[in-house]
Structure formats: structure tokens, C-alpha cells
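Okay, so here's the structure we're looking at.
Just so it is clear, none of the values below were taken in a lab; they were calculated from the coordinates. What you are looking at is a predicted structure, and each value in this text was computed from that prediction instead of being measured. For neighbour counting, all protein chains shown are included, and Cβ atoms are generated from backbone atoms with ideal geometry for every residue, glycine included.
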Amino acid sequence: MTRLFNEPSEFADEMIDGFVAANQRWVRRVHGGVVRATRSTPGRVALVVGGGSGHYPAFGGLVGQGLAHGAALGNLFASPSWQQVRSVARSAHSGGGVLLSYGNYAGDVLNFDQAQAKLVAEGIETRTVTVTDDISSASVAEKHKRRGIAGDLTVFKTAAAASDAGYPLDEVVRVAEKANERTRSFGVAFSGCSLPGSDEPLFTVPEGRMAVGMGIHGEPGIGETDVPTANELAELFVASLLAELPDGVEEARGQRVAVLLNGLGSVKYEELFVVYAKVDQLLREAGLTVVEPEVGELVTSFDMAGASLTLFWLDDELEGFWAAPADAPAFKKGAVDAAERLDDTVLEALVAESIPPASPESQEAARTVFAALEAVKTTVDENVDELGRIDAVAGDGDHGIGMQRGVNAAVAAALDALQGGAGAGTLLDRAGDAWSDRAGGTSGALWGSALASLGSALTDDAAPSRRSVAAGVAAATDAILEFGATVGDKTMVDVLVPFSDSLTSSIDAGADLTTAWAAAADVAVAAAAATADLMPKMGRARPHAEKSLGTPDAGATSLGLITRAVADVIAARADAHRAS
């Protein structure tokens, strides 16, 4: 249970502030995360890593000489937004291009890919290597679908050392891809973890049992077994990992491996050492040479009780990079040559763009949009705990907090735009950008894209019509569908598509916006409730499909509530207009 926190929605930001204050020798805060506090050699590749907060020392603790140049840090268990990733990458870039590397999770892929596209468009050569080391999460035939756990460290460490050696971007990518291919991990858990403010853990394991193959967010693996002795756990770890050799490794005997025994949060170091004694014995009996092992907390999950073992199959190149010096807050190896501290003035600064001109009619519409966003904020605030509870049934329980962070940022950005004379289009675009940036994760990206698409349809030039509003909702729907979900996948799409279809149909039939939106909101609420009967096919809920039956999707539920809140604002504005 997470005991020490203030406001749960602010936990990640306050944690990062404290981390930076305690580690100023190594890191500095930038928008979206942290970068090295020391100057990098001009022309070298910048390694930017990242993911959700809650996994320290991943990811901020791995920023420093010989390791990452920057880390984008999202909300708890939620990916950083593309804006955060771009900002960190810009700050870390020193002329040699950027390598983005992170664990293979859907939200991270979505946001890092968007950031890469933005960086490339700005002239910064950028590449990506996702980490896919967890053998329990997919078969050998689908290795590309595997998730990343403690194997992040081997990929990050070798890629950073290749950069320090002066390798160009293509070669750093080659090294990172080879390191990922030659890294295998396997984990177990004895109990779940709890997010700040939550009274219940995200998942539970029956007393006296151990979840086998568990992921760092509670994703299930291959089953359960009785809690073993330390030696029996070591035997399970080693046998599982030796059963799958990387491409190019014909047999285990005679190979050299780096070994990582990772504690997931509440398994103590002393317990890990007892397990490692047997791991080391078994590996040597199998004819392997162990090279510079690491035992401790490398990738955690708050207070989860569990552990994972990683084998990193070395060749001469990888071994040299693994052994190279590094100096980061949470990882040190050998002695680095101290680099010059970075001047604050060279760090990335995000400067707000000026507000474009807008017609009086669009400015008036912007006031209605702002009122709608305030109503959405009130609705989310009133339902934040319930949305988190629903999400925790089969997900990671962060939906309520993520929505709250996103809408609060959207309202603040919308108010700034409104005070600057923005039209409806610009106000929605600024609100969407702020929502995506603050909320992070898949949900943040979806809502950011939806608001921006709606804004493009409404424009700054004229008063929105009922048809332009319907067209905007359709455009937002199309933008979200581009992320890959379809109706029936148990996502917000199951609400958005019928809502948009109903709105357009009513408008085409001649209904006014108040009537059409209210009817569509009723359709949305009903569609949200109906997701209780669906099995999830996307995101982190997918592995927990059976658990989610009988519970509606959190994203669908929040969208249904929001459509109704906006319906009330539209109706009230229409009444006020008629009265005047």
C-alpha cells in the first residue's frame, strides 16, 4: 500500500520534483522529464528513454553519464505524452540524432511514435528501439509483441555506451536491437501493488500462491503455483530462460551472460541475494560464465512483491559496452571522466505560440466551448474514484487520475486562450494539446487528438453550425479510429461511434443541435453500459479479458458521462440565447 502522498493526481509531479532536488549532480528538470545535468559531446547520439512513473529506478534514475541522456516521465503507470517525449528529446539532442527506447506497451508506442514523427519533421533524425524481453508475454513466433521489463537496462546501457564510443545513429540502433534480441527475462509476483489514494491493490494473488510470468503493471503471465523456496524459484527462473536461446546462440554451454536479478518493490535485497546464490550456481553448472551481475531494484512497481531474472547473452561488442563506466543516480559502474555541467540556458524552452485572430462569432462560440470543458471537469472530478475503480478491475486503475489531470490542464489552457481572444478552433486545439500533454498515456493521446480534430472543424472564422459540430465529432471519431480500435474491442470507440452516428443522423433529419446532442448522449450512455458484456481486445485490459466481463470499460464510461454533461451546457446556452 502506498502510504505517503498528498493529492494522488499530483503524485508523479511531486515525486519528480523531489527526485531532481535530491539528484542535481546528475539530472535537471525539463518539460516532460529530466535530462543529464552534464554537457554531452557535440555530434553524439542522444539516448532518450521513458515510460510511466512508479517504476523507479526506471526511468529517471538511469539518466547520467554512460547511460541515458534524458528520460520522459509519464503519470503513474501511464506513458508520457508525445509532447513530453519531444521536449526531452529536444533538450537532450546534441547534433547526432536521437534514439528513443522504452518498454513495448501500447500507450508508449503510440506517444513515442508521435514524438518521433514530430522530431523528424523538425529536422532531428530520430529512431526507435522497443524493449521486448519478457518471454512470458508472447510466444517466440510473436516476439515483437512481448512487453519490456528489467531488460530495459541492458538495452539502454549498451546503446548509451555505443553512443559514447562515437557510433553514428544507425550503428547505435544496431547495437540496441542486438542487445534487445539477446535479452530474455521472466518474472513472478506474490502480491499486487497499490496506486496512491487507492484502498485496494490493482490485482491480488491468493495467499500461499505465486503468479508466474506477471508483468510490472499486473498483466498476467502463464498461471499460478504454490510459493516456492528461494532455491525452487531460482530453478524456475533459470530453467525457463535457458529453454529459449536467442538467435545465433546454438547452445548455452560456453556462453557469457550478464545476469540481472530484479526486485519489483517489496522483496528485500537479502531475499534476492539468497535467490541469486542458487541462480549463480545453476548458471555455472550449465556451463555459462557470469559477467558483472546486478542484484537489486532495477525496474519496480510500487510495493509489488515479486522478482524477475534477466539473462543478457553477450558477444565481444556487447560485453565491452555492458562493462563500460556509467554514473547515474540509480546505476553506477566503474569511473567516468567527469563532464562539464550544462548551462541552464541551453535547455529546451517551450514558448507558447501567439493566439491567431478570430471572428466575434467564433469568439462567442469559444465561450460556450469553455463552459462545456468546465462541465466536463466537474463531471470527471465527481467520478474520478469510480472511474479508477472500474479501470482497476482489468487495467491499471489510473484512468480516473489520468482524466482528471488531462481535463484540468485542458480547462487551464482553454482559459488562457479565451482570455487571449481565441476562437473556438484555437481554444479546442490548445485544450487538446494540454490534455494530451498532462494526462499522457493512451487516453491522453486520444482525447488530445479528438479535441484538436473537433477544433479544426469548427475553425476560428465563423459561428459553428449544427452541421459543423456534427462534422467535427465525426472528424474526432475518425482521428481516434486511426489508433487502431474498432467497435467491439471494449474501448471508448464503442461509445464514440454510435454517439457520432446518432448525432449526424439527427442533424441530417433536421433536428436542432440541442435535441440531436441530447439524443446522442442517451445513445452514448447506453453504449457505455453495454461494454460490460464485451471482452477487451486492446490495451492492458486485454490479458485480463475474463475479469472484465460484467464491468463496463472505463474509457467508454467516462465518454458517456461527458457527452451528457456537454448536453446540459448546450441546452442551457440555447435557453439563454432564446431568452435574450
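Using DSSP to call loops (not H, G, I, E or B), can you name the trypsin sites (Lys or Arg not before Pro) in the range 235-307 whose Cβ has at most 15 other Cβ atoms within 10 angstrom?
253, 268
If you take every DSSP beta bridge fully contained in the range 8-334, what fraction is antiparallel? Give it as a percent rounded to 5.
Details: 32 of 55 bridges.
Restricted to the range 8-334, the bridges split so that about 60 percent are antiparallel.
Full extension from residue 382 to residue 467: what is 0.36 nm times the residue separation minus their Cα-Cα distance, to one decimal in nm? Let's see the in-between values first.
Details: separation 85, 0.36 × 85 = 30.60 nm, distance 3.13 nm.
In short, 27.5 nm is gained.
Taking a temperature of 25 °C and a viscosity of 0.890 mPa s, what whole-number D in µm²/s does Stokes-Einstein yield for the chain with Rh from Kirkwood over alpha carbon pairs?
It diffuses with D of about 99 µm²/s by this estimate.
Over the chain, what relative contact order in percent results from Cα pairs under 8 Å that are six or more residues apart?
13
Placing unit charges on C-beta atoms (Lys and Arg positive, Asp and Glu negative, everything else neutral), compute the dipole magnitude of the range 360-579 about its Cα centre in debye, rounded to 20.
Roughly 120 debye for the range 360-579.
Given 572, 390, 503, which one lies farthest toward the positive end of the charge dipole of the range 360-579, if we put +1 on the Cβ of every Lys and Arg and -1 on the Cβ of every Asp and Glu?
It is 390.
What list of ³J(HN,Hα) values in whole Hz, one per residue of the range 550-562 in order, does the Karplus curve 6.51 cos²θ - 1.76 cosθ + 1.60 (θ = phi - 60°) give from phi, with Gly and Pro shown as x?
Working through the residues one at a time gives x, 10, x, 6, 5, x, 5, 5, 5, 5, x, 4, 5 Hz.
Once you place label points 7 Å from the Cα toward the Cβ at residue 303 and residue 277, how far apart are they in nm?
The two pseudo-label positions are separated by 2.9 nm.
Per the Cauchy relation, a quarter of the hull surface: what is the mean projected area of the convex hull of the alpha carbons in the range 94-139, in nm²?
Taking a quarter of the hull surface, the average projection is 3.7 nm².
Return the loop-located trypsin sites (Lys or Arg not before Pro) in the range 7-38 (DSSP other than H, G, I, E, B) with at most 16 other Cβ atoms within 10 Å of their own Cβ; answer none if there are none.
For trypsin sites (Lys or Arg not before Pro) across the range 7-38 that sit outside H, G, I, E and B with at most 16 neighbouring Cβ atoms in 10 Å, the list reads 25.
What ³J(HN,Hα) values, in whole Hz, does the Karplus curve 6.51 cos²θ - 1.76 cosθ + 1.60 give for the range 105-122 when θ = phi - 60°, with x put for Gly and Pro?
These are the phi-based 3J(HN,Hα) values: 10, 4, x, 5, 4, 4, 6, 5, 5, 4, 5, 4, 4, 5, 5, 4, 5, 8 Hz.
Work out the FRET efficiency for residue 204 and residue 478 from their Cβ-Cβ distance, taking R0 = 51 Å, and round it to the nearest 0.05.
Numbers: r = 40 Å, r/R0 = 0.78.
My answer for the efficiency is 0.80.
Sort the following peptides by mean Cβ neighbour count (other Cβ atoms within 10 Å, averaged over residues), highest first: 125-134, 67-76.
Result, highest mean first: 67-76, 125-134.
Quick one: Kirkwood hydrodynamic radius for the range 1-45, alpha-carbon pairs, angstrom, one decimal?
Here the Kirkwood hydrodynamic radius works out to 12.3 Å.
Percent of Cα-Cα pairs more than 36 Å apart in the range 8-334, please.
13
Is the shape of the range 249-341 rounded, prolate or oblate, going by the alpha carbon gyration tensor and its root eigenvalues a ≥ b ≥ c, with a/c under 1.5 for rounded and a/b larger than b/c for prolate?
Oblate, because a/c is 1.5 or more while a/b does not exceed b/c.
What does the C-alpha gyration tensor say about the overall shape of the range 179-236? Classify as rounded when a/c is under 1.5, otherwise prolate if a/b is larger than b/c, or oblate. Show your work: numbers first, answer last.
Details: a/c = 2.53, a/b = 1.27, b/c = 1.98.
In terms of gyration-tensor shape, oblate.
Among DSSP bridges having both ends in the chain, what percentage is antiparallel? Round to the nearest 5.
60
Shape call for the range 147-268 from the C-alpha gyration tensor, a ≥ b ≥ c root eigenvalues: rounded (a/c under 1.5), prolate (a/b greater than b/c) or oblate?
Values: a/c = 2.83, a/b = 1.56, b/c = 1.81.
Because a/c hits 1.5 or more and a/b fails to exceed b/c, the range 147-268 counts as oblate.
Of 434, 204, 62, which is farthest towards the positive pole of the chain's charge dipole, taken about the Cα centre with +1 and -1 on the beta-carbons of Lys, Arg and Asp, Glu respectively?
62
Note down the magnitude of the dipole of the chain about its Cα centre, charges +1 on Lys and Arg C-beta and -1 on Asp and Glu C-beta and zero elsewhere, to the nearest 20 debye.
Around 540 debye, computed over the chain.
Using only the C-alpha atoms of the range 1-150, find the volume of their convex hull and express it per residue in Å³.
Convex hull volume per residue, Cα atoms: 113 Å³.
Residue 337 to residue 575: extension gain in nm, 0.36 nm per residue of separation minus the Cα-Cα distance? Could you put the intermediate results ahead of the total?
Details: separation 238, 0.36 × 238 = 85.68 nm, distance 7.03 nm.
Computed gain between residue 337 and residue 575 is 78.6 nm.
Would you compute, for the Cα atoms of the range 360-579, the largest minus smallest coordinate along each principal axis and list the three values in descending order, in whole Å?
Principal axes ranked by extent give 52, 37, 30 Å for the Cα atoms.
On a full-extension model of 0.36 nm per residue, what is the gain between residue 415 and residue 501, subtracting their alpha-carbon distance, rounded to one decimal in nm?
27.9 nm
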